[in-house]
Amino acid sequence: MTFESLGLHPSIIKALAESGYTEPTSVQAQAIPAGIEGRDMMVSSQTGSGKTAAFMLPALHKFAIQSDEQPAGGKTPNQEMQSSRSRGERPRFKAAQPKMLVLTPTRELALQVTTSTDKYGAFNRRVKAVSILGGMPYPKQMQLLSRNPEILVATPGRLIDHMESGKIDFSQLQILVLDEADRMLDMGFIDDIEKIVAATPEGRQTMLFSATLDGMVGNMAKRITRDPLIIQIAGSASKHENIQQRVHFVDDLSHKNRMLDHLLRDETMDQAVVFTATKRDADTIADRLNIAGFAAAALHGDMHQGARNRTLDGLRRGNIRVLVATDVAARGIDVPGITHVVNYDLPKFPEDYVHRIGRTGRAGRNGIAVSLVNHAEGMNVKRIERFTKQLIPVSVIEGFEPKRSASAPRSNKPGGWKPGDNRGGNKTSQRTFSKPGSAPRNEGSGFGKGPRTGSGTGNPAGAPRRSFGER
Ligand code: ADP
Ligand code: MG
């Protein structure tokens with residue numbers, strides 16, 4: 001399967017070749033032809049599976065053909081505004097009339113979609129994409145809108161502001177995309193989304209992307225699409241098989257910090273994201289790591305947009321090796337150099353665990369996701385395991401053994417697990433700690449050379465990885 005065979009415009013094929021994309025991912029192979037046909041779709045596939053191109057390429061294709069058909073010319077609202085000014089008339093801002101709107105849950109994600117769009121549309125200079133985001137200075141937003149971009153990428157809240165003040169007119173909208181629709185609903189954007197959808201033409205093409213199409217997202221998707229093609233990509237990406245996950249139990253904060261430093265010194269680590277529960281912890285830990293000699297930086301929602309952008313740039317350029325972040329701030333970060341994700345604190349919601357570990361193993365690479373867990377938090381690990389339908393092996397690093405033994409025993413009797421039965425140090429668990437083979441301590445011991453399975457990864461000999469579905 002090639003991008004040519006999907007029938008994309010030559011300018012896009014060229015841009016993809018320059019981006020090093022040799023073949024479409026499975027979600028792209030299914031969504032692009034349907035997108036070109038103009039079909040609505042509801043798509044579920046995991047982070048890192050290439051969804052941005054899946055919706056952006058058919059759109060860019062359409063706009064490339066439209067601009068081939070009509071010669072250059074036509075004034076942007078801004079030019080019209082200036083010429084009316086030169087005629088001595090009172091300048092009037094004309095509402096932007098985008099042809100495509102992409103809604104995303106966070107600013108970072110919106111910026112990423114815009115960056116990818118610029119990349120895919122690099123040989124199509126007449127198609128402009130801009131992001132309209134909370135935290136961006138108002139004059140800047142006005143300036144972006146005055147260029148009358150074909151493609152608008154926005155977070156719902158900020159977009160509503162502009163809609164209500166008449167700065168954006170959706171009457172010419174052809175394509176509506178909801179990216180990470182499940183996250184937008186989780187973040188409480190449902191009313192905003194409904195309002196925005198209601199302001200767009202009935203005849204638009206709607207493409208909705210989500211980690212899941214169950215529940216509320218599925219209901220909304222059905223309401224806003226017409227005869228949608230449903231694409232559900234299961235398979236290795238959704239199980240994150242390229243990401244090696246493990247749990248290390250820790251006794252206390254000092255144990256946790258020592259463990260973190262050890263993990264970050266692993267020589268297979270290129271870049272890492274360390275997740276904390278609070279913004280303050282993100283700052284404190286980033287400071288501490290800097291003092292310890294790591295090129296670390298914090299990323300969280302209290303930072304100004306400019307500071308956030310600088311940090312993300314630093315991460316992309318490799319100047320920052322350890323990013324210490326909170327969930328919302330790190331959502332959607334796509335930096336191929338991230339080899340390790342460390343859950344310094346476990347996430348509040350199991351869904352966030354999936355989003356966190358998806359920061360590594362981008363574009364089919366391998367990654368390692370380590371959770372540092374207090375003994376009392378065994379239940380939270382179980383909730384994550386139930387959500388992902390995968391067991392996360394417990395691993396011990398030589399020299400960093402926890403004082404207490406397993407406090408989250410797992411019975412292999414069907415139905416053996418009950419809420420609350422993780423106390424009491426039951427040693428009959430099938431999932432006991434395993435010492436990482438005979439790996440010499442100075443070679444990173446349990447944190448060996450890249451992701452692998454089998455002995456030394458904490459998977460006890462003779463204990464096959466079982467999914468919850470098998471019980
Ligand atoms: P998702 O939205 O599903 O999480 P993205 O669109 O962010 O995925 O893409 C994940 C990564 O994969 C990005 O770095 C992107 O550049 C890369 N990518 C996407 N499609 C391809 C492809 N066909 N070949 C190679 N890399 C790709
Ligand atoms: Mg995406």
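Given the conditions (1) outside any helix (DSSP H, G or I); (2) at pLDDT below 50; (3) open to solvent by 70 Å² or more (accessible area, probe 1.4 Å), and given that Arg404 satisfies all but one, which numbered condition is not satisfied? Here Arg404 meets the rest and fails (2).
Being within 27 Å of the chain's Cα centre (by Cα), in a strand (DSSP E or B) and within 16 Å of ligand 2 (Cβ to nearest atom), is that true of even one residue in segment 43-53? Lay out the reasoning, then the answer.
Step one: list which residues in segment 43-53 are within 27 Å of the chain's Cα centre (by Cα), which gives 43-53.
Next, from what is left, pick out any that are in a strand (DSSP E or B): 43-44.
Cutting the leftovers down to within 16 Å of ligand 2 (Cβ to nearest atom) gives us 43-44.
The answer is yes, given that some residue of segment 43-53 is within 27 Å of the chain's Cα centre (by Cα), in a strand (DSSP E or B) and within 16 Å of ligand 2 (Cβ to nearest atom).
Reported count of residues in segment 218-241, each being at pLDDT 90 or above and either open to solvent by less than 40 Å² (accessible area, probe 1.4 Å) or within 15 Å of ligand 2 (Cβ to nearest atom) (or both), is 7.
Could you say which residue among Thr25, Thr52, Thr47 is in the same structural domain as Gln174 (by TED's automatic domain parsing), at pLDDT 95 or above and within 9 Å of ligand 1 (Cβ to nearest atom)? I'd like the intermediate steps shown before the answer.
On the way: Thr25 fails: at pLDDT 95 or above; Thr47 fails: at pLDDT 95 or above.
After ruling out the rest, the residue left standing is Thr52.
Being farther than 27 Å from Ile357 by Cβ, within 9 Å of ligand 1 (Cβ to nearest atom), part of a helix (DSSP H, G or I) and modelled with pLDDT of 95 or more: is that true of Leu60 here? It is false that Leu60 is farther than 27 Å from Ile357 by Cβ, within 9 Å of ligand 1 (Cβ to nearest atom), part of a helix (DSSP H, G or I) and modelled with pLDDT of 95 or more. Scanning segment 101-158 for residues that are among the charged types (D, E, K, R), in contact with a Lys or Arg (Cβ under 9 Å, 6 or more places away or on another chain) and in contact (Cβ under 8 Å) with a residue 40 or more places away in the chain yields Arg107, Glu108, Arg147, Glu150.
Cβ-Cβ distances below 8 Å connect the following pairs, each with a first residue in segment 1-18 that is among the aromatic types (Phe, Trp, Tyr), a second residue that is at pLDDT below 95, and a separation of six or more residues or different chains: Phe3/Tyr21; Phe3/Glu23; Phe3/Pro24. As a summary of the residue check, Arg383 satisfies the conditions (1) without any contact (Cβ under 8 Å) to a residue 60 or more places away in the chain; (2) within 22 Å of Arg258 (Cα to Cα) except for the one numbered (2).
The values are calculated or read from the model by the stated rules, or taken from the named source; none is laboratory data. All values reported here derive from a predicted model rather than from experimental measurement. In this analysis, Cβ positions are derived from the backbone assuming ideal geometry, glycine residues included, and neighbour counts consider all displayed protein chains. Each accessible area value is taken on the protein alone, full model and side chains, heavy atoms only, with ligands, DNA and RNA left out. Shrake-Rupley method; radii C 1.70, N 1.55, O 1.52, S 1.80 Å.
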